[in-house]
Amino acid sequence: MTAEQNRWLRSRSVNPADYDAAYERRAAAGENVHGEADLIASFHPASVLDAGCGTGRVARELARRGYDVAGIDIDPDMLAVAREKAPGIPWHTADLATADLGRSFDLIVMAGNVMIFLAPGSEAQVVANMARHLAPGGRLVAGFQVQPGRLTLADYDRHAHDAGLTLEHRWSTWDRTPCHPTATYAVTTHRLPGG
C-alpha cells in the first residue's frame, strides 16, 4: 500500500503541534488523558511498541513511567513532534503493514483509531505484521471507533485469529467500561500464545 492510500494521510486536517497541544490543555485542566497508558501498565509489559503513534503521546507517557518503548507511524509530520518532545525514544517512520523493526515487544498498542485510518484492505496485513512483532505471550491492544462502513469488530477479530492471536478482553473505553452491543468505541486485547 502506498502512503497516498492511507486514510489518515489523505484526510489529516489538524496541525500535528495543535493535535498534541489539545491533549496538553486537557491534562492542564485536570483531565486524565493517559487512559491508554494506564491500561497498558496494568499488564506490566517489559517493552511496548506504540504503533500508529502520531505525536507519541502514549509512548512518551509510557517512557516517563519507565517502560522500554518505541513508536512507529507513517506520518513524518506527526513524528517530527514526537522526536522533538522525546528525542531519546526510537521513532520509526514506516507503514505498519510492511515495517520490520528487527525486534519483538511484550505489548503493541494501536490507540487513536489507527485501525480505521489504514489504507483500505490493509487491515489484515497490519494485524499480521504487528503479531509478528510480538514476543511469545505478547498482547496486541487496539482501540477504535465502531462505525458503519468501517472495520467491524468481527473482521478485526478474524484478522487477529488468522494472525495466531486469541481474543482476551474487550471494553468500550480505555478505563475498562464493559463493552455492549451499541458501543461506538471498542478497546480489544488479543494475545499470542506462549510466554
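The values are calculated or read from the model by the stated rules, or taken from the named source; none is laboratory data. No experiment lies behind these values; they were computed from the predicted model shown. Note that each Cβ is placed from the backbone with ideal geometry, even for glycine, and that neighbours are counted across all protein chains shown.
Can you name the residue in segment 59-79 that is surrounded by fewer than 19 Cβ atoms within 10 Å (Cβ to Cβ) and touching a helix residue (DSSP H, G or I) at 6+ places or on another chain (Cβ under 7 Å) and is also farthest from Arg139 (Cα to Cα) among such residues?
Asp77
Looking across segment 148-176 at every residue that is modelled with pLDDT under 95 and over 18 Å from the mean Cα position of the chain (by Cα), the one that is farthest from Gln125 (Cα to Cα) is identified as Pro148. Filtering segment 26-45 to residues that are in contact (Cβ under 8 Å) with a residue 60 or more places away in the chain and surrounded by fewer than 15 Cβ atoms within 10 Å (Cβ to Cβ) leaves only Asp38.
Out of Val146, Val141, I need the residue that is out of contact with any His (no Cβ under 6 Å at 6 or more places or on another chain), of a type in the set (A, V, I, L, M, F, W, C) and within 11 Å of Thr189 (Cβ to Cβ). Which one? Of the residues listed, the single one that is out of contact with any His (no Cβ under 6 Å at 6 or more places or on another chain), of a type in the set (A, V, I, L, M, F, W, C) and within 11 Å of Thr189 (Cβ to Cβ) is Val141. Summed over segment 46-57, residues that are surrounded by 23 or more Cβ atoms within 10 Å (Cβ to Cβ) and closer than 19 Å to Asn129 by Cβ total 7. Would you check if Gly66 is farther than 25 Å from Arg176 by Cα, over 15 Å from the mean Cα position of the chain (by Cα) and part of a loop (DSSP other than H, G, I, E, B)? So Gly66 fails the test.
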